Amino acid sequence: MAPSHAQTAGYKFVSARFDGGEKERMAREIEEHLKGLNVNTFMVESGAGEDFGTQTAHGLANMDAMIAICYDNYGEKTRTKYCSYYEVKNAYERDIPIIPVRLSEKWPPEPPGPPEGAEQLKLIFGPSKVRIAGAGKSAAEIAAEIAAALRNIKK
(Lines give C-alpha, C1' and ligand atoms only; values in the text may rest on other atoms or scores of the structure.)
Protein backbone atom coordinates (compact mmCIF):
# COMPACT_ATOMS: atom_id res chain seq x y z
CA MET A 1 0.00 0.00 0.00
CA ALA A 2 1.38 3.41 -0.98
CA PRO A 3 2.15 5.86 1.82
CA SER A 4 0.12 9.04 2.10
CA HIS A 5 1.26 12.13 0.23
CA ALA A 6 2.46 13.69 3.48
CA GLN A 7 4.82 10.75 4.04
CA THR A 8 6.36 10.86 0.57
CA ALA A 9 6.39 14.51 -0.51
CA GLY A 10 9.99 15.41 -1.32
CA TYR A 11 11.27 11.87 -1.18
CA LYS A 12 13.91 10.11 -3.25
CA PHE A 13 12.38 7.59 -5.66
CA VAL A 14 14.43 4.38 -5.91
CA SER A 15 14.15 3.09 -9.48
CA ALA A 16 15.23 -0.45 -10.31
CA ARG A 17 14.25 -3.50 -12.33
CA PHE A 18 12.41 -6.00 -10.15
CA ASP A 19 13.63 -9.51 -10.84
CA GLY A 20 12.65 -11.19 -7.58
CA GLY A 21 16.29 -12.16 -7.14
CA GLU A 22 19.73 -10.87 -6.22
CA LYS A 23 19.46 -7.57 -8.15
CA GLU A 24 16.18 -6.64 -6.52
CA ARG A 25 17.50 -7.67 -3.11
CA MET A 26 20.49 -5.35 -3.55
CA ALA A 27 18.24 -2.42 -4.57
CA ARG A 28 16.02 -2.99 -1.53
CA GLU A 29 19.04 -3.24 0.78
CA ILE A 30 20.38 0.05 -0.57
CA GLU A 31 17.01 1.64 0.11
CA GLU A 32 16.93 0.27 3.68
CA HIS A 33 20.40 1.68 4.36
CA LEU A 34 19.31 5.04 2.94
CA LYS A 35 16.39 5.07 5.37
CA GLY A 36 18.87 4.35 8.15
CA LEU A 37 20.77 7.46 7.03
CA ASN A 38 17.54 9.49 7.35
CA VAL A 39 17.01 9.76 3.59
CA ASN A 40 13.30 10.00 2.77
CA THR A 41 12.92 7.25 0.16
CA PHE A 42 10.12 5.60 -1.75
CA MET A 43 10.37 2.28 -3.55
CA VAL A 44 7.49 0.38 -5.06
CA GLU A 45 6.59 -2.67 -3.02
CA SER A 46 3.40 -4.43 -3.91
CA GLY A 47 2.03 -7.76 -2.86
CA ALA A 48 -0.80 -9.93 -4.09
CA GLY A 49 -3.83 -7.87 -4.99
CA GLU A 50 -1.99 -4.54 -4.93
CA ASP A 51 -1.42 -2.31 -7.97
CA PHE A 52 2.24 -1.54 -8.62
CA GLY A 53 1.22 0.89 -11.36
CA THR A 54 -0.62 3.09 -8.89
CA GLN A 55 2.37 2.98 -6.56
CA THR A 56 4.76 3.86 -9.39
CA ALA A 57 2.59 6.80 -10.47
CA HIS A 58 2.42 8.01 -6.87
CA GLY A 59 6.17 7.72 -6.53
CA LEU A 60 6.99 9.54 -9.73
CA ALA A 61 4.51 12.33 -9.03
CA ASN A 62 5.98 13.10 -5.61
CA MET A 63 9.74 12.63 -6.01
CA ASP A 64 12.30 15.40 -5.83
CA ALA A 65 15.19 13.12 -6.87
CA MET A 66 15.61 9.68 -8.42
CA ILE A 67 18.14 7.04 -7.51
CA ALA A 68 18.60 4.71 -10.50
CA ILE A 69 19.96 1.28 -9.56
CA CYS A 70 21.45 0.34 -12.94
CA TYR A 71 22.10 -3.26 -13.82
CA ASP A 72 22.50 -4.35 -17.45
CA ASN A 73 18.73 -4.50 -18.02
CA TYR A 74 17.99 -1.09 -16.45
CA GLY A 75 16.04 1.20 -18.75
CA GLU A 76 14.56 -1.59 -20.86
CA LYS A 77 11.37 -0.55 -22.60
CA THR A 78 8.94 -3.32 -21.69
CA ARG A 79 5.24 -3.91 -22.37
CA THR A 80 4.24 -2.06 -19.19
CA LYS A 81 4.18 1.71 -18.82
CA TYR A 82 5.53 1.27 -15.27
CA CYS A 83 9.02 0.08 -16.17
CA SER A 84 12.40 1.71 -15.55
CA TYR A 85 12.39 3.11 -19.12
CA TYR A 86 9.38 5.29 -18.32
CA GLU A 87 10.60 6.07 -14.79
CA VAL A 88 13.88 7.57 -15.99
CA LYS A 89 12.12 9.29 -18.91
CA ASN A 90 9.72 10.94 -16.46
CA ALA A 91 12.52 12.22 -14.22
CA TYR A 92 14.55 13.52 -17.16
CA GLU A 93 11.63 15.32 -18.78
CA ARG A 94 10.73 17.01 -15.47
CA ASP A 95 14.35 18.01 -14.68
CA ILE A 96 14.36 15.85 -11.56
CA PRO A 97 17.96 15.11 -10.48
CA ILE A 98 18.96 11.51 -11.17
CA ILE A 99 21.73 9.75 -9.27
CA PRO A 100 22.73 6.66 -11.25
CA VAL A 101 24.37 3.73 -9.47
CA ARG A 102 26.41 1.64 -11.87
CA LEU A 103 26.08 -2.07 -11.23
CA SER A 104 26.12 -2.90 -14.95
CA GLU A 105 28.92 -4.29 -17.11
CA LYS A 106 28.63 -1.52 -19.72
CA TRP A 107 28.03 2.17 -19.17
CA PRO A 108 25.53 3.35 -19.87
CA PRO A 109 23.60 0.08 -19.65
CA GLU A 110 22.48 -1.43 -22.94
CA PRO A 111 19.22 -3.12 -21.95
CA PRO A 112 17.62 -5.78 -24.13
CA GLY A 113 14.40 -5.03 -25.97
CA PRO A 114 13.58 -2.15 -28.28
CA PRO A 115 16.52 0.18 -29.00
CA GLU A 116 14.76 3.15 -27.37
CA GLY A 117 15.92 1.96 -23.95
CA ALA A 118 19.64 2.01 -24.75
CA GLU A 119 19.29 5.20 -26.82
CA GLN A 120 17.58 7.05 -23.99
CA LEU A 121 20.24 5.99 -21.49
CA LYS A 122 23.01 7.17 -23.85
CA LEU A 123 21.39 10.61 -23.78
CA ILE A 124 20.55 10.82 -20.07
CA PHE A 125 23.59 8.99 -18.67
CA GLY A 126 26.10 10.47 -21.12
CA PRO A 127 29.82 11.00 -20.50
CA SER A 128 29.29 14.11 -18.36
CA LYS A 129 26.78 12.46 -15.99
CA VAL A 130 28.53 11.58 -12.73
CA ARG A 131 27.55 8.18 -11.37
CA ILE A 132 28.27 6.06 -8.34
CA ALA A 133 30.46 3.07 -9.11
CA GLY A 134 28.74 0.31 -7.16
CA ALA A 135 30.55 -2.83 -8.34
CA GLY A 136 32.18 -4.68 -5.48
CA LYS A 137 30.64 -2.42 -2.83
CA SER A 138 28.16 -3.31 -0.13
CA ALA A 139 24.66 -1.85 -0.03
CA ALA A 140 25.73 0.21 2.99
CA GLU A 141 28.72 1.68 1.14
CA ILE A 142 26.58 2.54 -1.89
CA ALA A 143 23.90 4.12 0.31
CA ALA A 144 26.51 6.30 2.03
CA GLU A 145 27.73 7.56 -1.36
CA ILE A 146 24.15 8.23 -2.49
CA ALA A 147 23.43 10.17 0.71
CA ALA A 148 26.54 12.31 0.14
CA ALA A 149 25.52 12.94 -3.49
CA LEU A 150 22.03 13.97 -2.37
CA ARG A 151 23.54 16.51 0.05
CA ASN A 152 25.52 17.99 -2.85
CA ILE A 153 22.39 18.29 -5.01
CA LYS A 154 20.74 20.45 -2.35
CA LYS A 155 23.62 22.97 -2.41
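Loop-located trypsin sites (Lys or Arg not before Pro) across the range 104-138 with a Cβ neighbour count of 14 or fewer within 10 Å are 106, 129, with loop assigned by DSSP.
By a 1.4 Å probe calculation restricted to protein chains, residue 17 has an accessible surface near 60 Å², given to the nearest 10. Between beta-carbons, use under 12 Å as the cut-off and find the net charge around residue 107, counting Lys and Arg +1, Asp and Glu -1. For residues surrounding residue 107, the net value is +2. Label sites at residue 80 and residue 130, each approximated as a point 7 angstrom past Cα along Cα to Cβ, lie 3.3 nm apart. Heavy-atom accessible area for residue 34, with the other protein chains in place and a 1.4 Å probe, reaches approximately 0 Å².
Cross-link partners among aspartates and glutamates for residue 23, C-alpha distance below 19 Å, same-chain residues fewer than 8 apart left out? Qualifying aspartates and glutamates at Cα under 19 Å: 31, 32, 45, 72, 76, 87, 105, 110, 141, 145. For the chain, what proportion of DSSP beta bridges, expressed in % and rounded to the nearest 5, is antiparallel? Bridges in the chain are about 0 percent antiparallel. What the chain shows is 52 Å² of accessible area per residue, with the surface traced by a 1.4 Å probe over protein heavy atoms.
Past 21 Å, Cα to Cα: identify those pairs from 89/122; 35/122; 35/137; 35/81, in the order given. Violating the 21 Å limit, Cα to Cα: 35/122; 35/81.
Backbone phi angles across the range 104-117, fed through the Karplus curve with coefficients 6.51, -1.76 and 1.60 (θ = phi - 60°), yield HN-Hα couplings of 9, 5, 9, 10, x, x, 10, x, x, x, x, x, 4, x Hz in residue order; Gly and Pro are listed as x. Scaling the Cα radius of gyration of the chain by the globular reference 2.2 N^0.38 Å produces a ratio of 0.96. Note on residue 94 and residue 46: the extension gain reaches 14.7 nm, defined as 0.36 nm multiplied by sequence separation minus the Cα-Cα distance. Think of each Lys and Arg Cβ as +1 and each Asp and Glu Cβ as -1; about the Cα centre, that makes the dipole of the chain roughly 480 debye. Helical runs assigned H by DSSP (4 residues or longer) give the chain a calculated mean residue ellipticity at 222 nm of -12500 deg cm²/dmol, each run adding -39500 (n - 2.57) before division by the residue total.
The values are calculated or read from the model by the stated rules, or taken from the named source; none is laboratory data. Nothing here was measured: the structure is a model prediction, and the numbers come from that model. With ideal geometry, Cβ positions are generated from the backbone for all residues, glycine too; neighbour counts draw on all protein chains shown. Calculation scope for accessible area: heavy atoms of the full protein, side chains included, ligands and nucleic acids excluded. Shrake-Rupley method; radii C 1.70, N 1.55, O 1.52, S 1.80 Å.
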